[in-house]
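Take a look at the structure below.
Read-outs throughout are calculated quantities, based only on the coordinates presented, and are distinct from any laboratory measurement. All figures in this text were calculated on a predicted structure; none of them were measured in a lab. Cβ placement follows ideal geometry from the backbone for every residue including glycine, while neighbour counts extend to all protein chains displayed.
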Amino acid sequence: MERTARAFWFTPSGGGASGGGAGEIRSAVLPATGPGEVLVRSLYSGVSRGTESLVLRGGVPESQREAMRAPFQEGDFPGPVKYGYLSVGVVEEGPPDLAGRHVFCLHPHQTRYVVPAAAVTPVPDGVPPARAVLAGTVETAVNALWDAAPLVGDRIAVVGAGMVGCCVAALAARVPGARVQLVDVDPARAAVAEALGADFALPDRAEGGCDLVLHASATAEGLARSLDLLGHEGTVVDLSWYGDRQVALPLGEAFHSRRLTVRSSQVGTVSPARSARRGFADRMALALRLLADPAFDVLVTGESAFEDLPRVMPMIAGGELPALCHRIVYGPA
């Protein structure tokens, strides 16, 4: 008998930077589970607001469409496309060491799916499956800190208190003696920063003289402010991805005399600082272990049923439904 599942597809309007978009739930045919494969029944998935909003409006530039592909994406940009990468479920069929276990997978929003066993990472016993949807974003933060290499006692600012910025701040705050400020235009993020162990500041109140600034606001204003916050010979590590938007970078005035550095960080490759000794599986396993800390629960700011995704996704992208991580809950089998 043919097995089917249901999957959420993005159907962008093609309007680029100003366009909207929608989505729909489609039926998917599941292949038989072969040797070395697992059948996963989804329990939760997470909406990565920044990236998925970009996909929804059709804002992935042509030059980056291959680089932006999710591991189990179907369809091509600008769309329609099945996209997403924060899924947690239970293995219903597969190797004995995985059968019945909770796992994380970089898979789009879908009720069930068949993937290679190597594509899933077991959720540690001390991590609730509902929290494990954050693993993909914590993995991004791990890679960013490998790139940034903060030192004991550093003065650090994280500009942009979205999902990625908050995860970066949470990990940076664990560096001994570090002063970590989470900087955002929304004063409501102060409570989130406190829960994560970081200070909070509005952009015009943030303390300068930083050794290191990690930028995650995805705005030109945030990037410019990040440069302002640096001390002499400081470094901005830019985690933002701007899609098809052009971003002006203020390289005049004191940029050269202060010997500032701007460098990028991107999760698609393991940081060169660790790639000789760590692979993708090591990085993901570390991210899941770090999620044993219940402080991360503050990043889940809403929850909806899978069936509501066509209505909810445009609301998240448009800001009508404020969200850090919006968790999607899948009903009974």
*asked:* To the nearest 20 Debye, how big is the dipole of the stretch 257-333 about its Cα centre, given +1 on the beta carbon of each Lys and Arg and -1 on that of each Asp and Glu?
replied: 840 debye
*Over the stretch 137-264, what is the relative contact order in whole percent, taking alpha-carbon pairs under 8 Å and six or more residues apart?*
22 percent
*Net charge of Cβ neighbours under 12 Å - reference V329; Lys, Arg +1; Asp, Glu -1*: -2
*Note down the magnitude of the dipole of the chain about its Cα centre, charges +1 on Lys and Arg C-beta and -1 on Asp and Glu C-beta and zero elsewhere, to the nearest 20 debye.*
360 debye
*Helix-only mean residue ellipticity at 222 nm for the chain, each DSSP H run of n ≥ 4 adding -39500 (n - 2.57), per residue, nearest 500*: -6000 deg cm²/dmol
*Any idea how far apart V29 and L286 come out in nm if each label point goes 7 Å out from Cα toward Cβ?*
4.2 nm
*Starting with the fewest neighbours, write out M163, M313 ranked by other beta-carbon atoms found within 10 Å of each beta-carbon.*
M313, M163
_Listed residues Y44, A117, G75: farthest to the positive end of the dipole of the chain (Cβ charges)_ = A117
_Alpha-carbon centroids, the stretch 206-238 and the stretch 40-106: separation in whole Å_ = 31 Å
*Within the chain, longest stretch free of exposed GluC sites (Glu not before Pro) [DSSP loop, at most 15 other beta carbons within 10 Å]*: 67-206
*How do R101, R258, R112 rank when sorted from fewest to most other Cβ atoms within 10 Å of their own Cβ?*
R258, R101, R112
*Normalised contact order of the chain, rounded percent, pairs of Cα under 8 Å and 6 or more residues apart*: 19 percent
*Of the trypsin sites (Lys or Arg not before Pro) in the stretch 1-96, which ones lie in a loop per DSSP and count no more than 13 other C-beta atoms within 10 Å?*
R65
*Taking the Cβ of R311 as the centre, find all other residues whose Cβ is under 12 Å away and add up their charges (Lys, Arg: +1; Asp, Glu: -1).*
-4
*Environment charge at Y44 (Cβ cut-off 12 Å; Lys +1, Arg +1, Asp -1, Glu -1)*: +2
